[in-house]
1. How are the alpha carbon pair distances in the range 3-68 distributed across 10 Å bins from zero to the largest one, expressed in percent?
2. Tell me the mean residue ellipticity at 222 nm calculated for the chain from its helices only (DSSP H runs of n ≥ 4, each -39500 (n - 2.57), averaged over every residue, nearest 500).
3. Between ASN197 and THR12, what's the calculated FRET efficiency when r is the beta-carbon distance and R0 is 41 Å? Round to 0.05.
4. For the range 87-236, max minus min Cα coordinate along each principal axis, in Å, sorted largest first?
5. Suppose a student asked you for the relative contact order of the range 3-68, using Cα pairs under 8 Å spaced at least 6 residues apart; what percent would you report?
6. Could you put VAL65, VAL134 in order, starting from the residue whose Cβ has the fewest other Cβ atoms within 10 Å?
7. Out of the range 132-192, which chymotrypsin sites (Phe, Trp or Tyr not before Pro) are coil in DSSP terms and have no more than 14 other C-beta atoms within 10 Å?
8. Between their Cα atoms, which of LYS159/LYS234; LYS109/LYS147; LYS11/LYS179; LYS11/LYS109 are more than 24 Å away from each other?
Amino acid sequence: MSTINAMCGTKTYKPTDKMSDLICENYALLQVLSRFGVSLGFGDKSVREVCEMNGVDCPTFLAVVNFLTEDSNRIQDHIPSLSVPALMSYLQQAHSYFLDFQLPAIRKKLIEAIDCSTKNEVAFLILQFYDDYVSEVRNHMEYENEKVFAYVNNLLAGKKSDEYNIGVFARHHDRVNDKLTELKNIIIKYYPANGDNQLLNATLFDIFSCEEDLASHNRVEDYLFVPAIMELEKEVK
């Protein structure tokens, strides 16, 4: 179960709910706000009002929020209300967050937390594993940015490709968390203790959080984005 699921159970949020309540009850949803371009400082305004203030499609915002806060992958409740451009923008912003902010920030903390100044083979292995993992994530997301989203933009313009469809993406939508699991195991099981491990533990906590965030991101792609594009393909066809 993801952090979001654990915090909020199965409550379904509505346009009339206060946006501040949504965030206070589920702080992990701050990432959703950020990726939709929603700014803080909205007082007691409702979800609908805050979305309108920020030019965000409210049904799509709530579809993502409620999908992430459910314990199951119930897509049928969400697909009809989705705006494909809004959802695609959300995914693009998530890619930018991972590649340009979160993963580099974790690497910086990792270098500070492990002893890279000496011939520490475990430290070298940890950093190598992390860099390999980031490379995999970058390749994965750049493919989506350059190939998949370009294909969807053409669909939105009424252009259907005979050589590609979203099913190709869905069949090859590889998971990028296997190497991260191995990295966590190396740190937990084999990195030698050297007194104060607070920074290393904090970095490890960030790695766990990143893993959960990426898993939620993949769920949105698999269970919201792909079915929505399949419906769009039928319309264009």
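1. Taking all Cα pairs of the range 3-68, the binned fractions are 22, 64, 14 percent.
2. -19000 deg cm²/dmol
3. 0.50
4. Over the range 87-236, Cα extents along the principal axes are 62, 23, 22 Å.
5. It rounds to 40 percent for the range 3-68.
6. Placing the least packed residue first, the sequence is VAL134, VAL65.
7. Details: sites: TYR133, TYR143, PHE149, TYR151, TYR164, PHE169, TYR190; in loops: TYR164.
Loop-located and lightly packed - TYR164.
8. The pairs that break the limit, which is 24 Å between Cα atoms, are LYS109/LYS147; LYS11/LYS179; LYS11/LYS109.
The numbers here are math on the coordinates, done by the rules we state, and not lab data. Keep in mind the model is a prediction, meaning the values are calculated, not measured. Neighbour counts are summed over all protein chains in view; Cβ atoms, including those assigned to glycine, are modelled from backbone coordinates with ideal geometry.
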